[in-house]
Amino acid sequence: MDITTFSALAEPNRLKMVELLASGPLTVGEIAERLKLRQPQASKHLRVLYEAGLVEVKADANRRNYQLRMEPLQDLDHWLGTYRRIWNERFDNLENYLKKLQSEDNKSE
């Protein structure tokens, strides 16, 4: 797991940008407008996302469209999958324990 993904997503505006780009490509101006940021601020955040490999830029005439790159997010999901399995196992154990307690309570009544 690449720590730069976490660093890039740790900043709230960049996380919001990723959420916006999940719907499809947008220009810097569109992103700035939707997040109520100045265009230079939006560009700075997009540069961090680009350097972290989370977005790519496609030129279309004089417009630069930013879009998400799914690979870093898939890597993050894969990394989190390990922890999901651990938590699911723990929840299953808790569920079994609670059923056992309920069973014992029903027998004592």
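The values are calculated or read from the model by the stated rules, or taken from the named source; none is laboratory data. On a predicted model such as this, the values are computed, not experimentally measured, just so you know. Glycine also receives a Cβ, built like all others from the backbone with ideal geometry; neighbour counts cover every protein chain displayed.
Things worth noting here:
- Flag if Asp2 is surrounded by fewer than 15 Cβ atoms within 10 Å (Cβ to Cβ), acidic (Asp, Glu) and in contact (Cβ under 8 Å) with a residue 60 or more places away in the chain: yes
- Beta carbons closer than 7 Å, at least 6 apart along the sequence or on distinct chains, pair a first residue in the stretch 53-68 that is farther than 16 Å from Lys16 by Cα with a second that is part of a strand (DSSP E or B) and modelled with pLDDT under 95 for Val57/Arg64; Asn65/Lys58.
- Summed over the stretch 5-64, residues that are outside any helix (DSSP H, G or I) and either among the hydroxyl-bearing types (Ser, Thr, Tyr) or more than 22 Å from Leu80 (Cα to Cα) (or both) total 17.
- Residue count for the stretch 47-68, restricted to those that are small (Gly, Ala, Ser) and surrounded by 13 or more Cβ atoms within 10 Å (Cβ to Cβ): 2
- Any chance Glu104 is assigned to a helix (DSSP H, G or I), of a type outside the set (Phe, Trp, Tyr) and surrounded by 11 or more Cβ atoms within 10 Å (Cβ to Cβ): no
- Contact map, the stretch 25-49: first residue acidic (Asp, Glu), second residue part of a helix (DSSP H, G or I), Cβ cut-off under 8 Å, separation 6 or more or different chains; the map is empty.
- Residues of the stretch 76-88 classified as under 11 Å from the mean Cα position of the chain (by Cα) and either of a type in the set (Asp, Glu) or farther than 25 Å from Ser23 by Cβ (or both), total: 1
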